[in-house]
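Here is the structure we will look at, set down as C-alpha coordinates.
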Amino acid sequence: MANNVFKAGAAKVNITPGLGTRINGDFITHFAHYIHDELYVRSLVLESGEEKIAFVVLDTCIIPEFLATEFKEQISAETGIPFANILISSTHTHAAGSLADVHMGSVDVDYVRSLPALLVASVQEAIASLQPAEAGFAAVDVPEHVVCRRYYMKDGYTYLNPVTGKPDVVKTNPVHAEDFIDRRVSSPDPQLTCLAIRSTSGEWISILANYSLHYVGDWDNGTISADYFGVFNTYLENHFSPEGHMISIMTNGTSGDVNIWDFLDPDRYPKEKFAKSKLIGEDLASRLIGALDAAVWQQNPEVKALFARVPLAVQKPTEEILAAAAEVVAATDYKTINPELAEDIRKLYAREQIYLSKYPDTIYCPLQAFRIGDFRIGALAGEFFAETGLRLKDALRGAPYFTISMANGNIGYVPPGDQLALGGYETWRCRYSCTDETAEEAVRSELLVLLENL
(Lines give C-alpha, C1' and ligand atoms only; values in the text may rest on other atoms or scores of the structure.)
Protein backbone atom coordinates (compact mmCIF):
# COMPACT_ATOMS: atom_id res chain seq x y z
CA MET A 1 0.00 0.00 0.00
CA ALA A 2 2.86 2.40 0.71
CA ASN A 3 3.68 2.63 -2.99
CA ASN A 4 0.11 3.74 -3.73
CA VAL A 5 0.04 6.65 -1.31
CA PHE A 6 -1.65 9.65 -2.89
CA LYS A 7 0.61 12.69 -3.03
CA ALA A 8 0.15 16.22 -4.26
CA GLY A 9 2.25 19.29 -4.87
CA ALA A 10 1.54 22.71 -6.36
CA ALA A 11 3.48 25.77 -7.44
CA LYS A 12 3.14 29.04 -9.31
CA VAL A 13 5.66 30.99 -11.37
CA ASN A 14 5.37 34.59 -12.52
CA ILE A 15 4.85 34.98 -16.30
CA THR A 16 3.95 38.67 -16.39
CA PRO A 17 5.02 40.16 -19.75
CA GLY A 18 6.81 43.46 -20.05
CA LEU A 19 5.37 46.74 -21.24
CA GLY A 20 4.97 46.87 -25.00
CA THR A 21 4.03 43.18 -25.26
CA ARG A 22 1.37 42.31 -27.82
CA ILE A 23 -2.07 41.45 -26.43
CA ASN A 24 -4.70 39.48 -28.35
CA GLY A 25 -8.32 38.68 -27.55
CA ASP A 26 -9.73 41.42 -29.76
CA PHE A 27 -10.09 41.78 -33.52
CA ILE A 28 -6.84 43.78 -33.59
CA THR A 29 -3.57 43.79 -31.65
CA HIS A 30 -3.20 45.89 -28.52
CA PHE A 31 0.07 46.65 -26.75
CA ALA A 32 0.70 46.51 -23.01
CA HIS A 33 1.14 49.95 -21.47
CA TYR A 34 -0.12 49.23 -17.93
CA ILE A 35 0.33 46.22 -15.64
CA HIS A 36 -2.55 46.06 -13.17
CA ASP A 37 -1.76 42.68 -11.63
CA GLU A 38 0.75 39.91 -12.20
CA LEU A 39 0.16 36.84 -14.34
CA TYR A 40 1.16 33.32 -13.38
CA VAL A 41 1.44 29.76 -14.54
CA ARG A 42 -0.03 27.60 -11.80
CA SER A 43 0.70 23.87 -11.65
CA LEU A 44 -0.79 21.01 -9.67
CA VAL A 45 0.84 17.58 -9.74
CA LEU A 46 -0.95 14.52 -8.36
CA GLU A 47 0.70 11.12 -7.80
CA SER A 48 -0.63 7.69 -6.98
CA GLY A 49 1.82 4.80 -7.10
CA GLU A 50 3.86 5.25 -10.27
CA GLU A 51 1.20 7.38 -11.98
CA LYS A 52 1.52 11.16 -12.11
CA ILE A 53 -0.78 13.75 -13.67
CA ALA A 54 -0.21 17.50 -14.01
CA PHE A 55 -2.55 20.46 -14.47
CA VAL A 56 -0.71 23.50 -15.84
CA VAL A 57 -2.86 26.63 -16.18
CA LEU A 58 -1.64 29.92 -17.65
CA ASP A 59 -2.99 33.42 -17.28
CA THR A 60 -3.29 33.94 -21.01
CA CYS A 61 -6.03 34.11 -23.63
CA ILE A 62 -5.34 31.32 -26.12
CA ILE A 63 -2.75 28.57 -26.56
CA PRO A 64 -2.67 27.01 -30.04
CA GLU A 65 -2.28 23.24 -30.17
CA PHE A 66 1.20 23.22 -31.70
CA LEU A 67 2.44 25.41 -28.86
CA ALA A 68 0.62 23.45 -26.16
CA THR A 69 2.19 20.30 -27.63
CA GLU A 70 5.68 21.83 -27.49
CA PHE A 71 5.12 22.92 -23.89
CA LYS A 72 3.87 19.47 -22.87
CA GLU A 73 6.70 17.66 -24.65
CA GLN A 74 9.28 19.80 -22.86
CA ILE A 75 7.60 19.33 -19.49
CA SER A 76 7.43 15.59 -20.09
CA ALA A 77 11.09 15.42 -21.11
CA GLU A 78 12.20 17.37 -18.03
CA THR A 79 9.94 15.70 -15.45
CA GLY A 80 9.10 12.23 -16.74
CA ILE A 81 5.34 12.83 -16.57
CA PRO A 82 3.78 11.23 -19.68
CA PHE A 83 2.57 13.60 -22.37
CA ALA A 84 -0.98 12.22 -22.15
CA ASN A 85 -1.04 12.96 -18.40
CA ILE A 86 -0.26 16.68 -18.74
CA LEU A 87 -2.95 19.30 -19.22
CA ILE A 88 -2.02 22.76 -20.47
CA SER A 89 -4.81 25.33 -20.47
CA SER A 90 -5.41 29.06 -20.54
CA THR A 91 -7.69 30.95 -18.18
CA HIS A 92 -8.81 33.02 -21.19
CA THR A 93 -8.07 36.43 -19.73
CA HIS A 94 -8.11 38.90 -22.62
CA ALA A 95 -5.41 41.03 -21.00
CA ALA A 96 -2.26 38.95 -21.35
CA GLY A 97 0.71 38.38 -23.63
CA SER A 98 -0.33 36.96 -26.99
CA LEU A 99 0.53 33.34 -27.83
CA ALA A 100 -1.76 33.03 -30.85
CA ASP A 101 -2.67 34.77 -34.08
CA VAL A 102 -6.44 35.39 -33.91
CA HIS A 103 -8.05 37.67 -36.50
CA MET A 104 -5.59 40.60 -36.58
CA GLY A 105 -4.29 39.99 -33.06
CA SER A 106 -0.72 38.86 -33.67
CA VAL A 107 1.67 36.62 -31.73
CA ASP A 108 4.34 38.11 -29.49
CA VAL A 109 7.23 35.82 -30.44
CA ASP A 110 9.63 37.02 -27.75
CA TYR A 111 7.05 36.43 -25.05
CA VAL A 112 6.33 32.93 -26.38
CA ARG A 113 10.04 32.12 -26.23
CA SER A 114 10.19 33.12 -22.57
CA LEU A 115 7.53 30.66 -21.42
CA PRO A 116 8.81 27.06 -21.77
CA ALA A 117 11.43 27.32 -19.04
CA LEU A 118 8.93 28.99 -16.71
CA LEU A 119 6.31 26.29 -17.30
CA VAL A 120 8.84 23.55 -16.69
CA ALA A 121 9.98 25.29 -13.51
CA SER A 122 6.43 25.45 -12.17
CA VAL A 123 5.90 21.71 -12.66
CA GLN A 124 9.31 20.88 -11.21
CA GLU A 125 8.55 22.98 -8.13
CA ALA A 126 5.20 21.22 -7.77
CA ILE A 127 6.94 17.82 -7.95
CA ALA A 128 9.53 18.91 -5.40
CA SER A 129 6.70 19.77 -2.98
CA LEU A 130 4.85 16.44 -3.32
CA GLN A 131 3.53 15.20 0.02
CA PRO A 132 0.90 12.72 1.24
CA ALA A 133 -2.51 14.23 0.65
CA GLU A 134 -6.23 13.71 0.35
CA ALA A 135 -8.62 14.89 -2.37
CA GLY A 136 -12.04 16.48 -1.97
CA PHE A 137 -14.78 17.67 -4.29
CA ALA A 138 -17.13 20.59 -3.67
CA ALA A 139 -19.72 22.41 -5.75
CA VAL A 140 -22.10 25.32 -5.33
CA ASP A 141 -24.45 27.05 -7.75
CA VAL A 142 -23.61 30.71 -8.37
CA PRO A 143 -26.02 31.76 -11.14
CA GLU A 144 -25.68 35.49 -10.50
CA HIS A 145 -22.47 35.92 -12.49
CA VAL A 146 -23.18 34.02 -15.71
CA VAL A 147 -25.30 35.43 -18.54
CA CYS A 148 -25.95 34.02 -21.99
CA ARG A 149 -24.49 36.63 -24.35
CA ARG A 150 -26.52 35.45 -27.38
CA TYR A 151 -29.93 37.06 -27.87
CA TYR A 152 -32.94 36.61 -30.10
CA MET A 153 -33.85 40.04 -31.46
CA LYS A 154 -37.25 41.57 -32.15
CA ASP A 155 -38.65 42.30 -35.58
CA GLY A 156 -37.21 45.51 -36.97
CA TYR A 157 -33.61 44.73 -36.02
CA THR A 158 -31.25 43.43 -38.68
CA TYR A 159 -27.58 42.55 -38.45
CA LEU A 160 -25.95 41.08 -41.52
CA ASN A 161 -23.61 38.13 -41.12
CA PRO A 162 -20.25 39.48 -42.37
CA VAL A 163 -19.47 36.20 -44.13
CA THR A 164 -22.78 35.28 -45.79
CA GLY A 165 -24.21 38.78 -46.14
CA LYS A 166 -27.55 37.45 -44.86
CA PRO A 167 -29.35 38.49 -41.64
CA ASP A 168 -28.50 36.62 -38.46
CA VAL A 169 -31.33 35.43 -36.23
CA VAL A 170 -29.16 35.84 -33.12
CA LYS A 171 -27.03 38.78 -32.03
CA THR A 172 -24.07 38.33 -29.70
CA ASN A 173 -23.51 41.22 -27.28
CA PRO A 174 -26.09 43.61 -28.82
CA VAL A 175 -24.35 46.87 -27.97
CA HIS A 176 -26.58 49.89 -28.72
CA ALA A 177 -29.43 47.55 -29.66
CA GLU A 178 -30.81 46.80 -26.22
CA ASP A 179 -34.31 48.01 -27.13
CA PHE A 180 -34.58 45.28 -29.76
CA ILE A 181 -33.70 42.36 -27.46
CA ASP A 182 -36.38 39.70 -27.29
CA ARG A 183 -34.83 37.02 -25.03
CA ARG A 184 -31.64 35.11 -24.32
CA VAL A 185 -30.95 32.06 -26.45
CA SER A 186 -29.96 29.60 -23.70
CA SER A 187 -29.11 29.09 -20.04
CA PRO A 188 -25.55 29.05 -18.63
CA ASP A 189 -24.01 26.46 -16.33
CA PRO A 190 -24.29 28.07 -12.87
CA GLN A 191 -22.09 25.59 -11.02
CA LEU A 192 -18.81 26.57 -9.37
CA THR A 193 -16.88 23.36 -8.74
CA CYS A 194 -13.50 22.38 -7.40
CA LEU A 195 -11.07 19.59 -6.74
CA ALA A 196 -9.65 20.42 -3.32
CA ILE A 197 -6.29 19.10 -2.16
CA ARG A 198 -4.91 19.18 1.38
CA SER A 199 -2.13 17.32 3.13
CA THR A 200 -2.87 14.42 5.44
CA SER A 201 -1.88 16.76 8.28
CA GLY A 202 -4.67 19.15 7.25
CA GLU A 203 -2.69 21.89 5.49
CA TRP A 204 -4.08 23.23 2.21
CA ILE A 205 -2.06 22.42 -0.92
CA SER A 206 -4.28 23.50 -3.80
CA ILE A 207 -7.77 24.12 -5.14
CA LEU A 208 -8.42 23.40 -8.81
CA ALA A 209 -11.64 25.31 -9.48
CA ASN A 210 -13.90 25.64 -12.50
CA TYR A 211 -16.57 28.17 -13.50
CA SER A 212 -18.16 28.79 -16.88
CA LEU A 213 -17.70 32.55 -17.12
CA HIS A 214 -15.83 33.72 -20.21
CA TYR A 215 -14.00 36.66 -18.60
CA VAL A 216 -15.03 40.06 -17.17
CA GLY A 217 -12.93 42.58 -19.09
CA ASP A 218 -13.51 45.71 -17.01
CA TRP A 219 -10.24 47.34 -18.03
CA ASP A 220 -8.92 49.52 -20.83
CA ASN A 221 -7.24 47.98 -23.85
CA GLY A 222 -3.50 47.77 -23.29
CA THR A 223 -3.87 46.52 -19.70
CA ILE A 224 -2.19 43.39 -18.35
CA SER A 225 -4.50 41.63 -15.89
CA ALA A 226 -5.46 38.13 -14.80
CA ASP A 227 -9.11 39.30 -14.72
CA TYR A 228 -11.49 37.66 -12.24
CA PHE A 229 -9.47 34.44 -12.37
CA GLY A 230 -6.59 36.21 -10.65
CA VAL A 231 -8.85 37.89 -8.07
CA PHE A 232 -10.38 34.51 -7.20
CA ASN A 233 -6.98 32.84 -6.84
CA THR A 234 -5.49 35.62 -4.72
CA TYR A 235 -8.48 35.64 -2.37
CA LEU A 236 -8.31 31.89 -1.74
CA GLU A 237 -4.54 31.85 -1.35
CA ASN A 238 -4.67 34.66 1.21
CA HIS A 239 -7.55 32.99 3.03
CA PHE A 240 -6.11 29.49 3.32
CA SER A 241 -2.40 30.22 3.42
CA PRO A 242 -1.28 33.82 3.99
CA GLU A 243 2.31 32.59 4.10
CA GLY A 244 2.02 31.55 0.46
CA HIS A 245 2.10 27.73 0.46
CA MET A 246 -1.36 27.06 -0.99
CA ILE A 247 -1.95 27.45 -4.75
CA SER A 248 -5.40 28.27 -6.13
CA ILE A 249 -6.08 27.53 -9.80
CA MET A 250 -9.24 28.79 -11.50
CA THR A 251 -10.00 27.19 -14.86
CA ASN A 252 -12.44 28.22 -17.58
CA GLY A 253 -15.44 25.96 -18.06
CA THR A 254 -17.79 25.75 -21.03
CA SER A 255 -18.36 29.46 -21.50
CA GLY A 256 -18.29 30.08 -25.26
CA ASP A 257 -21.76 31.68 -25.16
CA VAL A 258 -21.52 33.17 -21.66
CA ASN A 259 -20.22 36.40 -20.18
CA ILE A 260 -21.30 38.99 -17.62
CA TRP A 261 -22.21 41.90 -19.89
CA ASP A 262 -25.91 41.82 -19.10
CA PHE A 263 -27.73 43.79 -21.78
CA LEU A 264 -31.09 43.28 -20.06
CA ASP A 265 -29.83 44.63 -16.73
CA PRO A 266 -26.82 46.86 -17.54
CA ASP A 267 -26.62 48.52 -14.09
CA ARG A 268 -26.31 45.39 -11.97
CA TYR A 269 -22.55 45.83 -11.41
CA PRO A 270 -20.25 48.75 -10.53
CA LYS A 271 -18.76 50.45 -13.59
CA GLU A 272 -15.36 51.53 -12.27
CA LYS A 273 -12.32 49.85 -13.77
CA PHE A 274 -11.57 46.46 -12.14
CA ALA A 275 -14.52 46.80 -9.73
CA LYS A 276 -16.66 44.16 -11.40
CA SER A 277 -13.89 41.57 -11.71
CA LYS A 278 -12.98 42.16 -8.05
CA LEU A 279 -16.57 41.76 -6.93
CA ILE A 280 -17.12 38.60 -8.96
CA GLY A 281 -13.78 36.98 -8.15
CA GLU A 282 -14.11 37.58 -4.42
CA ASP A 283 -17.75 36.51 -4.33
CA LEU A 284 -16.96 33.25 -6.10
CA ALA A 285 -14.07 32.57 -3.74
CA SER A 286 -16.14 33.24 -0.62
CA ARG A 287 -18.98 31.06 -1.92
CA LEU A 288 -16.57 28.21 -2.56
CA ILE A 289 -15.10 28.53 0.93
CA GLY A 290 -18.59 28.00 2.29
CA ALA A 291 -19.18 25.00 0.01
CA LEU A 292 -15.97 23.32 1.18
CA ASP A 293 -17.63 22.65 4.54
CA ALA A 294 -19.63 19.96 2.74
CA ALA A 295 -16.78 18.64 0.58
CA VAL A 296 -16.56 14.88 0.01
CA TRP A 297 -13.00 13.73 0.80
CA GLN A 298 -11.11 10.64 -0.30
CA GLN A 299 -7.90 9.17 1.04
CA ASN A 300 -5.40 7.61 -1.38
CA PRO A 301 -7.48 8.03 -4.55
CA GLU A 302 -6.03 6.50 -7.69
CA VAL A 303 -5.19 8.85 -10.57
CA LYS A 304 -5.45 8.15 -14.27
CA ALA A 305 -5.53 10.11 -17.53
CA LEU A 306 -6.57 9.39 -21.12
CA PHE A 307 -5.87 11.48 -24.22
CA ALA A 308 -7.29 11.45 -27.76
CA ARG A 309 -7.67 13.66 -30.81
CA VAL A 310 -10.97 13.79 -32.71
CA PRO A 311 -10.94 14.59 -36.46
CA LEU A 312 -13.37 17.30 -37.56
CA ALA A 313 -14.25 18.51 -41.04
CA VAL A 314 -13.39 22.12 -41.87
CA GLN A 315 -16.00 24.39 -43.45
CA LYS A 316 -14.25 26.27 -46.23
CA PRO A 317 -15.40 29.15 -48.42
CA THR A 318 -16.71 28.33 -51.88
CA GLU A 319 -14.78 29.54 -54.89
CA GLU A 320 -17.38 32.26 -55.40
CA ILE A 321 -17.09 33.52 -51.82
CA LEU A 322 -13.31 33.29 -51.99
CA ALA A 323 -13.20 35.37 -55.17
CA ALA A 324 -15.42 38.04 -53.62
CA ALA A 325 -13.29 38.04 -50.46
CA ALA A 326 -10.13 38.49 -52.50
CA GLU A 327 -11.59 41.62 -54.08
CA VAL A 328 -12.40 43.06 -50.66
CA VAL A 329 -8.95 42.27 -49.28
CA ALA A 330 -7.21 43.78 -52.30
CA ALA A 331 -9.08 47.05 -51.76
CA THR A 332 -8.61 47.29 -47.97
CA ASP A 333 -5.95 49.06 -45.91
CA TYR A 334 -5.98 46.88 -42.81
CA LYS A 335 -3.87 49.34 -40.83
CA THR A 336 -6.94 51.58 -40.54
CA ILE A 337 -9.50 48.92 -39.56
CA ASN A 338 -12.01 49.90 -36.87
CA PRO A 339 -13.63 46.79 -35.35
CA GLU A 340 -16.61 48.82 -34.12
CA LEU A 341 -17.76 49.42 -37.72
CA ALA A 342 -19.86 46.71 -39.36
CA GLU A 343 -18.26 47.41 -42.74
CA ASP A 344 -14.79 46.92 -41.30
CA ILE A 345 -15.88 43.68 -39.65
CA ARG A 346 -16.90 42.49 -43.12
CA LYS A 347 -13.39 43.32 -44.34
CA LEU A 348 -11.84 41.42 -41.43
CA TYR A 349 -13.87 38.34 -42.25
CA ALA A 350 -13.02 38.60 -45.94
CA ARG A 351 -9.38 38.28 -44.89
CA GLU A 352 -10.34 35.27 -42.77
CA GLN A 353 -11.80 33.50 -45.82
CA ILE A 354 -8.43 33.79 -47.59
CA TYR A 355 -6.61 32.25 -44.63
CA LEU A 356 -9.26 29.58 -44.09
CA SER A 357 -9.11 28.46 -47.71
CA LYS A 358 -5.53 27.31 -47.04
CA TYR A 359 -6.48 25.25 -44.00
CA PRO A 360 -6.41 21.44 -44.21
CA ASP A 361 -9.73 19.75 -44.86
CA THR A 362 -9.56 18.17 -41.40
CA ILE A 363 -8.53 19.59 -38.04
CA TYR A 364 -8.19 17.70 -34.77
CA CYS A 365 -9.62 18.54 -31.38
CA PRO A 366 -7.50 17.23 -28.48
CA LEU A 367 -9.51 15.64 -25.67
CA GLN A 368 -8.39 14.62 -22.22
CA ALA A 369 -10.05 12.83 -19.32
CA PHE A 370 -8.80 12.54 -15.74
CA ARG A 371 -9.85 10.42 -12.80
CA ILE A 372 -8.90 11.24 -9.22
CA GLY A 373 -10.66 8.56 -7.19
CA ASP A 374 -14.37 9.09 -7.77
CA PHE A 375 -13.82 12.51 -9.35
CA ARG A 376 -13.70 13.13 -13.09
CA ILE A 377 -12.36 16.06 -15.11
CA GLY A 378 -12.75 16.47 -18.87
CA ALA A 379 -10.74 18.80 -21.09
CA LEU A 380 -11.70 20.33 -24.45
CA ALA A 381 -9.51 22.34 -26.83
CA GLY A 382 -11.84 25.14 -27.78
CA GLU A 383 -14.61 27.51 -26.79
CA PHE A 384 -17.60 25.27 -26.18
CA PHE A 385 -21.05 26.48 -25.20
CA ALA A 386 -22.58 25.92 -21.76
CA GLU A 387 -24.87 23.28 -23.26
CA THR A 388 -21.87 21.01 -23.90
CA GLY A 389 -20.74 21.05 -20.30
CA LEU A 390 -24.26 20.63 -18.96
CA ARG A 391 -24.93 17.65 -21.20
CA LEU A 392 -21.68 16.00 -20.09
CA LYS A 393 -22.67 16.46 -16.44
CA ASP A 394 -26.11 15.00 -17.16
CA ALA A 395 -24.58 12.01 -18.95
CA LEU A 396 -22.40 11.29 -15.91
CA ARG A 397 -25.56 11.18 -13.79
CA GLY A 398 -24.49 13.64 -11.15
CA ALA A 399 -21.07 12.15 -10.45
CA PRO A 400 -18.46 14.73 -9.34
CA TYR A 401 -17.28 16.28 -12.61
CA PHE A 402 -16.32 19.46 -14.45
CA THR A 403 -15.00 20.40 -17.89
CA ILE A 404 -11.91 22.53 -18.50
CA SER A 405 -12.01 24.31 -21.84
CA MET A 406 -9.18 26.07 -23.71
CA ALA A 407 -7.06 23.00 -22.89
CA ASN A 408 -4.20 21.46 -24.92
CA GLY A 409 -4.91 23.73 -27.85
CA ASN A 410 -7.78 25.75 -29.22
CA ILE A 411 -9.82 25.05 -32.35
CA GLY A 412 -12.05 28.05 -31.65
CA TYR A 413 -15.79 28.15 -31.21
CA VAL A 414 -17.62 24.82 -31.46
CA PRO A 415 -21.35 25.65 -31.10
CA PRO A 416 -24.01 22.96 -30.77
CA GLY A 417 -25.19 22.06 -34.28
CA ASP A 418 -28.53 23.87 -34.10
CA GLN A 419 -26.80 27.14 -33.13
CA LEU A 420 -24.84 27.44 -36.37
CA ALA A 421 -27.95 28.23 -38.39
CA LEU A 422 -28.92 31.04 -35.99
CA GLY A 423 -25.79 33.07 -36.60
CA GLY A 424 -24.13 35.35 -34.08
CA TYR A 425 -20.44 36.12 -33.70
CA GLU A 426 -19.49 32.64 -32.49
CA THR A 427 -20.78 31.08 -35.73
CA TRP A 428 -19.19 33.40 -38.30
CA ARG A 429 -16.97 31.23 -40.48
CA CYS A 430 -13.27 31.97 -39.96
CA ARG A 431 -10.13 30.27 -38.69
CA TYR A 432 -11.64 30.54 -35.21
CA SER A 433 -15.03 29.05 -36.09
CA CYS A 434 -14.71 26.56 -38.91
CA THR A 435 -16.32 23.27 -37.91
CA ASP A 436 -19.71 22.04 -39.12
CA GLU A 437 -22.96 21.17 -37.35
CA THR A 438 -21.73 17.66 -36.43
CA ALA A 439 -18.59 18.76 -34.59
CA GLU A 440 -19.93 19.49 -31.11
CA GLU A 441 -21.76 16.18 -30.80
CA ALA A 442 -18.75 14.26 -32.12
CA VAL A 443 -16.40 15.88 -29.61
CA ARG A 444 -18.80 15.57 -26.69
CA SER A 445 -19.54 11.92 -27.44
CA GLU A 446 -15.86 11.02 -27.70
CA LEU A 447 -15.00 12.83 -24.47
CA LEU A 448 -17.78 10.94 -22.73
CA VAL A 449 -16.28 7.65 -23.97
CA LEU A 450 -12.91 8.64 -22.49
CA LEU A 451 -14.52 9.59 -19.18
CA GLU A 452 -16.41 6.32 -18.99
CA ASN A 453 -13.27 4.32 -19.91
CA LEU A 454 -11.46 5.78 -16.90
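The values are calculated or read from the model by the stated rules, or taken from the named source; none is laboratory data. Keep in mind it's a predicted model, so treat the numbers as computed, not measured. All Cβ positions, glycine included, derive from the backbone under ideal geometry; neighbour counts span all protein chains shown. Side chains are part of the model used for accessible areas, which takes the heavy atoms of the whole protein and leaves out ligands, DNA and RNA. Shrake-Rupley method; radii C 1.70, N 1.55, O 1.52, S 1.80 Å.
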Open item on the list: Tell me the mean residue ellipticity at 222 nm calculated for the chain from its helices only (DSSP H runs of n ≥ 4, each -39500 (n - 2.57), averaged over every residue, nearest 500).
Closed with: -8500 deg cm²/dmol
Task: Euclidean distance between Cα centres, the range 102-147 to the range 7-23, Å - done: 9 Å
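At 1.4 Å probe size, put 52, 278, 335 in order of accessible surface, largest to smallest. Show your work: numbers first, answer last.
Numbers: 52 55, 278 105, 335 175 Å².
In descending accessible area the options line up as 335, 278, 52.
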Open item on the list: I want the local charge near residue 191. Using Cβ-Cβ distances under 10 Å, sum +1 for each Lys or Arg and -1 for each Asp or Glu among the other residues.
Closed with: -1
Open item on the list: Going by Cα centres, the range 164-179 and the range 240-283 are how many Å apart?
Closed with: 26 Å
Open item on the list: Can you compute log10 of I(q)/I(0) for the range 110-176 with the Debye formula, treating each Cα as one identical point scatterer, at q = 0.12, 0.25, 0.27 Å⁻¹?
Closed with: -0.75, -1.10, -1.18
- [ ] Can you find, among 192, 173, 261, the residue farthest towards the positive end of the dipole of the chain? Put +1 on the C-beta of Lys and Arg, -1 on that of Asp and Glu.
- [x] 192
Task: Separation of alpha-carbon centers, the range 50-86 and the range 343-380, rounded to whole Å - done: 18 Å
Task: Those lysines that a straight Cα-Cα span of less than 22 Å connects to residue 72, excepting residues fewer than 8 apart in one chain - done: 7, 12, 52, 304
Task: Selected from 80, 124, 160, residue furthest toward positive end of dipole (the chain; charges at beta carbon) - done: 80
Open item on the list: Could you work out what % of the accessible surface of the range 234-380 is carbon and sulfur, using a 1.4 angstrom probe and leaving DNA, RNA and ligands out of the count?
Closed with: 51 percent
- [ ] Within 10 Å, count the other beta carbons around each residue, average over each peptide in 216-227, 192-203, 441-452, and list them highest first.
- [x] 216-227, 192-203, 441-452
Open item on the list: Straight-line reach from residue 171: which lysines fall under 18 Å, measuring Cα to Cα and dropping same-chain residues less than 8 apart?
Closed with: 154
